[in-house]
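Chemist: Here it is, the structure, as structure tokens.
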Amino acid sequence: MQAPALTQPQPTPRHPSPEAYLALEDAAEHRSEYINGVILPMAGSSTNHNRLSRNICNAIDTAFSNSDFEPFIADVKVWIPERRVYTYPDVMVVAGEPIYPEGRSDIITNPQVIIEVLSDSTQDYDRTDKFLLYRSLPSFQEYFLIDQTCIRVEQYVKTGLRQWSLREYVPEDQSIMFATVPLEIPLSTLYNKVQFA
């Protein structure tokens with residue numbers, strides 16, 4: 001009796017399709033992003049990063065428990081079809097019902113607000129290229145960048161076609177004010193339990 005042939009592991013294609021990426025990501029132990037044919041592994045996050053993501057998501061969820069706004073946290077991807085990108089925002093807010101690609105419930109295509117917690121390894125990307133990618137989403141109206149090393153928040157709000165305004169929050173501001181959803185979050189709530197070096 002002949003032994004069954006062993007199957008060799010198949011190499012990952014050099015520039016996998018979005019569908020191939022999703023198949024790989026569904027089976028992967030660690031998350032990665034997909035940017036126009038390139039798969040990039042994601043780094044782990046710090047406890048402060050986790051606290052900030054949790055705090056802002058909890059505040060949004062509590063404020064909008066009986067409304068059409070809903071937050072989603074880091075395990076839900078956003079698909080940016082114009083740029084062929086799958087990425088994981090730290091937190092995003094959807095107005096109304098989430099729009100999913102066919103057959104998926106872990107990918108959203110219509111975030112209105114996206115929130116990223118800055119880290120040393122991603123802050124330049126979050127401020128530049130990633131923001132550029134997000135801006136190609138028609139639903140995207142507001143972007144927050146939260147510093148985890150000090151009390152500092154950057155807020156970008158869409159004010160017109162290819163026009164965005166910037167507001168910075170520091171401790172003296174007391175609260176951050178969302179522009180596209182009816183919400184104010186005290187900085188003390190946002191930074192609750194965050195420990196600075």
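Chemist: Compute the angle between helix 18-27 and the longest alpha-carbon principal axis of the chain, please, reported from 0 to 90 degrees and rounded to the nearest 10.
Modeler: So the inclination is approximately 90 degrees.
Chemist: Arranged by the count of other C-beta atoms within 10 angstrom, fewest first, what order do M92, M42 take?
Modeler: Final ranking by Cβ density, sparse to dense: M42, M92.
Chemist: Could you work out which residue, out of D120, D90, D147, moves most in a Gaussian network model of the chain, that is, has the largest mean-square fluctuation with Cα springs under 10 Å?
Modeler: D120
Chemist: Please label the shape of region 122-183 as rounded, prolate or oblate, based on the square roots a ≥ b ≥ c of the eigenvalues of the alpha-carbon gyration tensor (a/c under 1.5 means rounded; beyond that, a/b larger than b/c means prolate, else oblate).
Modeler: Since a/c reaches 1.5 but b/c is at least a/b, the shape of region 122-183 is classed as oblate.
Chemist: Between A95, A27, A179, find the one with the highest GNM mean-square fluctuation for the chain; connect C-alpha pairs within less than 10 Å.
Modeler: A27
Chemist: Would you list which lysines come within 27 Å of K158, measuring only between C-alpha atoms, while excluding same-chain residues fewer than 8 positions from it?
Modeler: Hits, sequence-local ones excluded: K77, K130.
Chemist: Same structure, new question: Just from its helices, what would the mean residue ellipticity at 222 nm be for the chain, if runs of 4 or more DSSP H residues each count -39500 (n - 2.57) and the sum is divided by every residue, rounded to the nearest 500 deg cm²/dmol?
Modeler: Calculated at 222 nm, the ellipticity per residue is -6000 deg cm²/dmol.
Chemist: Something else about it: Treating only the Cβ atoms of Lys and Arg (+1) and Asp and Glu (-1) as charged, compute the dipole magnitude of region 45-190 about its Cα centre; round to the nearest 20 debye.
Modeler: Once rounded to the nearest 20, the dipole reads 320 debye.
Chemist: Now a separate question. Using a Gaussian network for the chain with springs between C-alpha atoms less than 10 Å apart, which of these wobbles most: S136, S53, S105?
Modeler: Fluctuation is largest for S105.
All of the numbers you see were taken from the coordinates with simple rules; none came from a lab. This is a predicted model, so every value here is computed, not measured. All Cβ positions, even for glycine, are placed from backbone atoms using ideal geometry, and neighbour counts span all protein chains on display.
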